[in-house]
Amino acid sequence: MSFRSVLLICGMAGAILAADSGNDLFQKGLAKERAEGDVRGAIQLYQRVASMPGVERKLAAEALFRIAECQQGLGNAEARKTYERIVHDFADQRDVAGRAGNRLAALKPGATPVSTELSTRRVWVPPSAGLLAGSISPDGRFLSYADLTGGELTVRDLVTGETRQVTHNRTSENPREYAHISVISPDQKKIAFAWGSLRVIDWDGSNQKTLYGNSEVYLVPNAWSSDGREILATISTGRARTRQLAWIPATGGPPRVLKTFGWQAQALGPVAAVSPDGRFIAYDAATSEGKNRAIYVLARDGSSETAVTDGVATDEVFGWMPDGKALLFATNRTGARELWTLPVHEGRKAGEPSLVKADLGRVDPLGITRDGSLLYSRHVTEGQVYTASIDWNKGKVSIPVSIARGVVPEGGADWSPNGKEAAYVAHRGTERESNDRFVVVHSFETGQDRVVGPKEQFRINDGYSWSPDGKSYLVTGTDAKARYGAYGIDLKTGDVRVLVQREVTVQQPQWFPDGKQIIYVLTEGRGVFIRNLETGTDREVQLGMPAGTRVTVAVSPDGRQLAFSPFAAPMDQGLEVDIRYRTLYVMPLPDGLPTRVHELVSGERGT
């Protein structure tokens, strides 16, 4: 769970102003609605989109749907009429019309309506992009979090706006270490947090103690027990390739494992919530097919377990309501991500779920207070792709020109082999879902874009480069069965071709110029490999570094040399590389000896 601040892109001084397109206005409406909280201002922008001459019908329908959602959130009776207009006038836009029909059904007498008394207010805009969020205190006043700029566990008073640093652990010997996820105890006297190991500290910053941890595991505290004697934690085990849900004594000691999960991506969700009476634990986990997520309620001692949702959608636990009679969860069962409640009694489903908030967006829960308020962080992203010409003789760069329209780029931009197009990975809206990423191909001859979305269920993580033949785009991601790897997305058909699949995350894949091989890196220093795409075999590149060293790599344009730079080595070998000092090596491929060509010293940065 983490805050994500807005990426600000500066405008171009002296540029010729052009009228906003429908897509641009729609994006501004989303930003005004979700990032600024100005719902009425957003409605005005959406109305301009819907009434724009020649606007695409799908975009007009989406704009009207946003208007209706905003009206409904304001308690405006006009919402029903707007939904009806979408159903009657935009029946050809089946997705939007279907969602509008669902909203109308929820507004019928006797149906559970979206609460018009629900209010949302923004309590804080973090100044830093590097924040790992923790939890809200039971009284709703304090937020624990880790600011990655300083790396220390911090508490913010949401009433006064004051912040207080709780830990003082970082030193020049461990500059890369920092606090991770944290949870505040029920009596607000202690905070449990991850700092390599699981630790606990008093509210005033005294009595810091390591409870459990070793180099083989990664721990995340989920919640305290209701009596404050134990901490529920998720333990990821590297060698065993498992994730475990376990109780760890607040005074220290070995974990008591309740359940073990496989290593597939997001097998166990980030939230495991303890019921107010302390008798049950709610969590979400991937279904056996890996396509959706179901919610389960587990007895405190692990003796019994019940599925309370059917796994036909992506259901994510947000927490228990204060009276313990219902769970709050996010789901995409109607198409859009929404917030629902589910009645639960004695660890079992006790009724049908009810809609609480439509169009939830990409948010992460930070906890539910005693009065039933939910605190969450919202991910808001903005981005752009620019092109600029360079005068190498004069050493000047022209004014950058943006090429992305109506989408939010996420990096990985690359020129096509013939130089006539560019491609990049992007998503729509100010809030992204990983499953919604796609590839955009921009033509410099026509100025037009075409969106290439993976045809099958596939999650793009990052984009990298065009294939040498110009037919596909190299990405990393996970398939429908949550298998990590490097893949090629056909830029005409959207078909996904498996290039590499491994049991751990594949990083930095790069083509060789013949298109018959790629080089890639495995996460956490597990090696650099060359994959022969015709035979499907791997050959490890021997860098001459200690085992476990993590590196960044780049293949030369002719494919004959590899440049690499180590940036971290295993802590247990005492070889941690100072972030102020890195070395660049070059070696012939595939079996040459590395030669040191440059050393980065303090004040320099390199990738």
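Here are a few things to note about the model shown:
- Taking amide H positions as modeled 1.01 Å from N, with prolines and chain starts lacking one, the residues under 5 Å from residue 505 and 5 or more places away or on another chain are 523.
- J(HN,Hα) series, region 188-199, from Karplus relation 6.51 cos²θ - 1.76 cosθ + 1.60, nearest Hz, glycine and proline x: 6, 9, 9, 10, 9, 8, 9, 9, x, 9, 8, 10
- Checked against a 30 Å cut-off, the cross-linked pairs 28/349; 32/455; 32/471; 325/481; 396/516; 81/357 give Cα-Cα distances beyond that limit for 28/349; 32/455; 32/471; 325/481; 396/516.
- Taking the 1.4 Å solvent-accessible surface of region 332-396 as the whole, the part contributed by carbon and sulfur is 45%.
- For residue 420, a cut-off of 17 angstrom between C-alpha atoms picks up these aspartates and glutamates, skipping any fewer than 8 places away in its own chain: 445, 449, 469.
- Couplings 3J(HN,Hα) for region 133-145, derived from phi with the Karplus relation 6.51 cos²θ - 1.76 cosθ + 1.60 (θ = phi - 60°), are 7, x, 8, 8, 6, x, 8, x, 8, 10, 10, 9, 7 Hz, where x marks Gly and Pro.
- In order along region 515-521, the Karplus-derived 3J(HN,Hα) couplings, from 6.51 cos²θ - 1.76 cosθ + 1.60 at θ = phi - 60°, round to x, 9, 9, 10, 10, 8, 10 Hz, and Gly and Pro are given as x.
- Measuring nothing but how far apart in sequence close Cα pairs (under 8 Å, 6+ apart) lie, relative to its length, region 247-338 scores a relative contact order of 20 percent.
- Separation of the residue 397 and residue 599 label points, Cα + 7 Å toward Cβ, nm: 3.0
- Think of each Lys and Arg Cβ as +1 and each Asp and Glu Cβ as -1; about the Cα centre, that makes the dipole of region 403-484 roughly 180 debye.
- Under 5 Å, built H, 5+ apart or other chain: amide partners of residue 319: 328
- Orientation-averaged projected area, Cα convex hull of region 286-327 (nm²): 3.5
The values are calculated or read from the model by the stated rules, or taken from the named source; none is laboratory data. All of these numbers come straight from a predicted model, not from anything done at the bench. As a convention, Cβ positions derive from the backbone with ideal geometry for all residues, glycine included, and neighbour counts pool all protein chains shown. Remember, those area values only see protein heavy atoms, side chains included, never the ligands or the DNA or RNA. Shrake-Rupley method; radii C 1.70, N 1.55, O 1.52, S 1.80 Å.
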